[in-house]
Every structure is written in structure tokens, then in C-alpha cells.
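Asks: Just dropping this structure here.
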Amino acid sequence: MMENKELKYLTGLNRVKNRYESGYFFVEGKRLVESAISNNANIKNIYATESFLEENNSLKDLIEKKNYTINTILRKQLEKISFTKNPSGIGALCKISEYSLDSSKNNKWLYLDEISDPGNLGTLLRSAAYFNFTNIALSKNCVDPYNPKVVRSAMGAHFKIELYLKVELNNFQNNYCVFGADQNGDNYKDIQYPKNLILVLGNEAHGLSKKTVASLDNIISIKKTGFGESLNVGSAGSIIMSHLSEI
């Protein structure tokens, strides 16, 4: 049974301040824990109920093979730690990876300008990993990428990408052609893209800030062919990244 001190610590990781002071975030659910293990994430501890372990022998064997520590935990304790209403029975404490910004290390970057919705950010991280945009810079005032809702919707993408927080867009201007997505831009399919580029996506409600627009080399958009006022940033970003991944 987990001691109250550790229970309090894990419960506190739902607050951004506690995550960065400790340097850890919590992932929960079988698929996310499997993803963390398969991608060799820096896992400090794994927590699981006895019933979960009994029903998932193959995962238990994998955890033991990788020499991770399994802490058995009561169902009621897991429910206090969990950020979901019906936790599956397993979670893991993972280290937040830190990287030194080197804006010349990759030929394609994704830059997120004040994305505020956790679901949208999670979708963008998941799509970025899928389309091999593995270096992602976030501006100030973005929702925290280790927010539990972001982690859950990113579906393991955190273990395949590099995240850089509170980055100014001008860090990239000397090495990259900067493309911002907006409804009033040129059709993204009609552009000749250079090898080194950075895709900038703006806030859901306000779009790209004036400061950001001033730093762009080009504005691109997805032309509507059917019904609807606009696409949300998660959908739009995924479509454009799919196109750029083939360049």
C-alpha cells in the first residue's frame, strides 16, 4: 500500500508548478505505459493494481524484463492519482526530458503560438510524431504540454518528439523559411517549399499574433471546398503536416 506522502506527491502532479519543480509527469492507461516502455522513456516508477497485473500478464512480464519497478496500489489510491473517472489500473511516473535549443538541428520544425486548448495541443503532438515533425517549439502562454489532458490526447507522442518551451520565433529566422497557417493565406498546395522550414500555428480564437505575423516569410491556408466556417487548429495543422512530410 502506498504511503500518504507519495500519494500526495503524485496527486500534486496535476498542477503545472509541481510538475516542473519535480521534473516528472504522470501517464496513465495501458497504451500510454506500453508506449513509454517501448520508447525507452525515463520511467521512475510504475503503479498498478493487483487486479490489473493479474489480467495483463504479458505487460507485467515486459515491465519486469525491462527492470522497471512495479508498485502495487489500491484501486481507491489510483483513483485519487488518476485524471480520469475510470482509471484502467496502471500508470507511470516519467521524467520530463530537457533539451538545449539548437535551431539548426532539424530541417523541419513545428512552432505553436499560444495554443490554449489541451485537446488541440495533444492532437498536434500526435500528428507531429506521425508525420515526423519531431522538433516542436512552443511559445510563451501555450498550455503546458505535460498537462494530463494533453498527455492523454497525444497518445504516447511525448516519447517520440522533442519539446522546447517558451521559445521566441525569431530564434529560427536565420536558418529557416517561416510559414504561418491562416485562413487568408496562399493555398498550401501551391507553394514551393524549401528544405529548411518551420510551420507556425496560432491560437484557436485569435490566430497568429501581430508579432508572429511580422516574422513570417509566407502565410498559407487550406482552401475550403465544402461546408463550414473553418477548421480547428488540430485538424488544420495535421493536414498541412501531412503535405509537408512528403517534401
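The values are calculated or read from the model by the stated rules, or taken from the named source; none is laboratory data. Computed from a prediction, not measured in an experiment: that's the story for all the values here. Cβ coordinates were reconstructed from backbone atoms using ideal geometry, including for glycine residues, and neighbour counts include every protein chain displayed. Ligands, DNA and RNA are stripped out before the accessible areas are found, and what is left, the full protein with its side chains, is counted by its heavy atoms. Shrake-Rupley method; radii C 1.70, N 1.55, O 1.52, S 1.80 Å.
Asks: If each DSSP helix of 4+ residues adds -39,500 (n - 2.57) and the sum is divided by the residues in the chain, what number results at 222 nm, nearest 500 deg cm²/dmol? Don't skip to the answer; put the middle values down first.
Replies: Values: 10 runs with 82 residues, N = 247.
Taken over the chain, the calculation gives -9000 deg cm²/dmol.
Asks: For the chain, give the magnitude of the charge dipole about the Cα centre (Cβ charges: +1 Lys/Arg, -1 Asp/Glu; no others), in debye to the nearest 20. Mind dumping the intermediate values first?
Replies: Working: 30 positive and 26 negative charges, 82 e Å.
For this selection, approximately 400 debye.
Asks: For the stretch 117-247, with the dipole built from +1 on Lys and Arg beta-carbon atoms and -1 on Asp and Glu ones, taken about the Cα centre, which of 234, 150, 222 lies farthest toward the positive end?
Replies: Value computed over the given set: 150.
Asks: Find the relative contact order for the stretch 133-247 and round it to a whole percent, using C-alpha pairs within less than 8 Å whose residues are 6+ positions apart.
Replies: 27
Asks: Where in the stretch 215-247 does the amide nitrogen come within less than 17 Å of the point 7 Å from the Cα of residue 106, taken along Cα to Cβ?
Replies: Once the point is set 7 Å along Cα→Cβ of residue 106, 237-247 turn out to lie under 17 Å by backbone N, inside the stretch 215-247.
Asks: Could you report the chain's accessible area per residue, 1.4 Å probe, as an integer in Å²? Mind dumping the intermediate values first?
Replies: Numbers: 13190 Å² over 247 residues.
Heavy-atom SASA per residue in the chain reads 53 Å².
Asks: Let me ask something else. Can you give me the distance in nm between label points at residue 231 and residue 211, each placed 7 Å from the Cα along the Cα-to-Cβ direction?
Replies: Placing both labels 7 Å beyond Cα along the Cβ direction yields 2.8 nm.
Asks: Please give the charge dipole size of the stretch 98-149, origin at the Cα centre, charges +1 on K and R Cβ atoms and -1 on D and E Cβ atoms. Round to the nearest 20 debye. Numbers along the way, then the final one.
Replies: On the way: 5 positive and 6 negative charges, 37 e Å.
Value, rounded to 20: 180 debye.
Asks: Give me the percent of accessible area attributable to carbon and sulfur for the stretch 112-165, probe 1.4 angstrom.
Replies: On the way: 840 of 1970 Å².
Solvent-exposed carbon and sulfur of the stretch 112-165 make up 43 percent of the total.
Asks: Provide, as a two-decimal number, the C-alpha radius of gyration of the stretch 151-199 over 2.2 N^0.38 Å, N being how many residues it has.
Replies: That works out to 1.47 for the stretch 151-199.
Asks: Among (1) -0.64, -0.77, -1.06, -1.23; (2) -0.72, -0.82, -1.00, -1.09; (3) -1.00, -1.06, -1.17, -1.21, which one is log10 I(q)/I(0) by the Debye sum over Cα atoms at q = 0.12, 0.13, 0.15, 0.16 Å⁻¹ computed from these coordinates?
Replies: (2)
Asks: What nm value, rounded to one decimal, do you get for the distance between residue 31 and residue 189 when each label is placed 7 Å out toward the C-beta?
Replies: My value for the distance between the label points is 3.0 nm.
Asks: Taking 35 Å as R0, compute the FRET efficiency from the Cβ-Cβ separation of residue 204 and residue 8 and round it to 0.05.
Replies: Working: r = 34 Å, r/R0 = 0.97.
Using R0 = 35 Å, I get an efficiency of 0.55.
Asks: Just to make sure I understand: if all protein chains stay in place, what is the order of 206, 243 by accessible area at 1.4 Å, largest first? The partial results should precede the final answer.
Replies: On the way: 206 155, 243 55 Å².
Accessible-area ranking of 206, 243, largest first: 206, 243.
Asks: Under 10 Å, Cα contacts only: if you run a Gaussian network model on the chain, which one of 181, 205, 129 comes out with the highest mean-square fluctuation?
Replies: Judging by the Gaussian network model, the answer is 205.
Asks: Something else: With only Lys, Arg, Asp and Glu charged, each at its Cβ (+1 for the first two, -1 for the last two), find how big the charge dipole of the stretch 1-134 is about the Cα centre; round to the nearest 20 debye.
Replies: Working: 19 positive and 16 negative charges, 23 e Å.
Rounded to the nearest 20 debye, it is 100 debye.
Asks: Bin all alpha-carbon pair distances of the stretch 16-127 at 10 Å intervals from 0 and give each bin's fraction as a whole percent.
Replies: 12, 37, 33, 15, 3
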